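To keep things clear, I will list the structure first and then write my remarks on it.
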Amino acid sequence: MTVGQRIRNRRLELEISVTELSKKIEKNRATVYRYENDSVEPSIAQLLKIAKALNTSVTYLLGDTDNPEDNSWWVAALDM
């Protein structure tokens, strides 16, 4: 699954509209559609905003985990 597919799937899971997500990440709706269609790749800064808005992790969006609610890497990072 691509980054764009993961963004779209998570947004739909949470029943968040494109308009609502665009406001949360301070981008216009067209940009969100471009992210979801993989026409444009979000920057790291934008991935962080998207992850926060979708209550998930960047690792999920990047495909390192298939569990959108798995934030265990944060716990491991904090324990270091």
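The values are calculated or read from the model by the stated rules, or taken from the named source; none is laboratory data. Here the structure is a predicted model, which is why all the values come from computation and not from measurement. Don't worry about glycine lacking a Cβ; one is built from the backbone with ideal geometry, like all the others, and counts go over all protein chains shown. Calculation scope for accessible area: heavy atoms of the full protein, side chains included, ligands and nucleic acids excluded. Shrake-Rupley method; radii C 1.70, N 1.55, O 1.52, S 1.80 Å.
Quick check on this structure: which one of I44, I50 is free of Cβ contacts under 8 Å to residues at least 40 places away in the same chain and out of contact with any strand residue (DSSP E or B) (no Cβ under 7 Å at 6 or more places or on another chain)?
Exactly one residue qualifies, and that residue is I44.
How many residues, within the stretch 60-80, are modelled with pLDDT of 90 or more and open to solvent by 20 Å² or more (accessible area, probe 1.4 Å)?
2
Which members of the stretch 2-33 meet the condition of being more than 13 Å from the chain's Cα centre (by Cα) and of a type outside the set (S, T, N, Q)?
E15, E20, K23, E26, K27, R29, A30
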